[in-house]
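Novice: Have a look at this one before I ask anything.
Taken together, the values in this text are just the output of simple stated rules run on the coordinates, not laboratory data. Note that the structure is a prediction, hence the values are computed from the model and not measured. Note that we place each Cβ from the backbone using ideal geometry, even for glycine, and neighbour counts take in every protein chain shown.
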Amino acid sequence: MKLDQIKELGDEKFRRLTGVRKGTFAKMVDILRKADGLKKSKGGRKNKLNLEEQLLMALEYLREYRTYFHIGQNYGISESSAYKAVKWVEDTLVKHLNFALSGRKAIMKSDINYEVALIDTTESPIERPKKKQKFYYSGKKKRHTLKTQIVVDKKTHQVICTNFSNGKKHDFRLFKESKILIHPKVKAITDTGYQGIQKIHNNSELPKKKSKKNPLKMIKRIIVG
């Protein structure tokens, strides 16, 4: 689907395709445009794609985790050019105040009013890797995936920090390796994939494991997003 066709989509379909709403997409383009102006003033080669196309390609990569080669083929550019464009978009947006995350250290500070933090891990399907396939194979999803751990402020729904791993790694192990320290007064709510978190953070709440005597009701499941 071409950019002009995508821009004609309604807001809900646009969000389903790109992962962001039209208003957010426009704000991202404005941020990239200012950064691009500074980049051009320093010289360098002109990108074959306009800013909207570069952003769309980056969102497509983050949403689908296809290889840079395949994305580059879709946009008529080389694999290395696709990588550089996506990395520039990511770096530019992350540095901006509107899209910067508080970071894992923020949840340990006493002067930040976090009361409850939701912790969850999602999995994104990827193409079968050429190497180390076992590291990316998720027994839960029965396919190769990348994992993203998300920590969210329950009150504001603001993402505090994220961490990433291969699909094989257990959710709680990903949490431990992310070295997130949570302030004792902040309550952490997770799902059953984080069994053992109470030993690290006493103020934690997990739903009871499903059993014949205790079926896990939907209301007890932790869903971030």
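Novice: Find out how many positive minus negative residues lie around ILE180, taking Lys and Arg as positive, Asp and Glu as negative, among other residues whose Cβ is under 10 Å from that of ILE180. Intermediate results must be reported in sequence, preceding the final value.
Specialist: Working: positive: ARG104, LYS105, LYS176, LYS179; negative: GLU177.
Taking every Cβ under 10 Å from that of ILE180, the sum is +3.
Novice: Can you tell me which of 119-127, 12-20 comes out highest on packing, and rank the rest after it, using the mean Cβ neighbours within 10 Å? Write down the numbers at each step before the final one.
Specialist: Details: 119-127: 17.2, 12-20: 14.7.
Sorting 119-127, 12-20 by mean packing, highest first, produces 119-127, 12-20.
Novice: For ILE200, project a label point 7 Å along Cα to C-beta. Then give me every residue of the range 118-160 with its amide nitrogen under 17 Å of that point.
Specialist: 118-122, 147-153, 160
Novice: Starting from the Cα-Cα distance between LYS34 and TYR65, subtract it from 0.36 nm times their residue separation and give me the gain in nm to one decimal. Each step should come with its number before you reach the end.
Specialist: Working: separation 31, 0.36 × 31 = 11.16 nm, distance 2.71 nm.
Fully extending the segment from LYS34 to TYR65 adds 8.5 nm.
Novice: Another question about this same structure. Extension gain THR192-LYS84, at 0.36 nm per residue separation less the Cα-Cα distance, in nm? Mind dumping the intermediate values first?
Specialist: Working: separation 108, 0.36 × 108 = 38.88 nm, distance 3.86 nm.
Separation in residues times 0.36 nm, less the Cα-Cα distance, equals 35.0 nm.
Novice: Report the calculated FRET efficiency for LYS42 and ASP4 (r = Cβ-Cβ distance, R0 = 35 Å), to the nearest 0.05.
Specialist: 0.70
Novice: If you don't mind, there's one more thing I want to ask. Only Cα pairs under 8 Å and at least 6 apart count here; give the relative contact order of the chain as a rounded whole percent.
Specialist: Working: 304 pairs, mean separation 32.3, N = 225.
The value is 14 percent.
Novice: Antiparallel versus total DSSP beta bridges in the chain: what percent is that, nearest 5? It would help to have the intermediate numbers written out before the result.
Specialist: Working: 18 of 23 bridges.
The antiparallel proportion sits near 80 percent.
Novice: Give me the one-decimal nm value for the distance between modelled label points at LYS155 and ASN74, 7 Å along each residue's Cα-to-Cβ direction.
Specialist: Modelled inter-label distance: 3.9 nm.
Novice: Still on this structure, I have one more. Taking only Cα atoms and a 10 Å spring cutoff, compute GNM fluctuations for the chain and point out the largest among ARG33, ARG45, ARG21.
Specialist: In this elastic network of the chain, the residue with the biggest mean-square fluctuation among ARG33, ARG45, ARG21 is ARG45.
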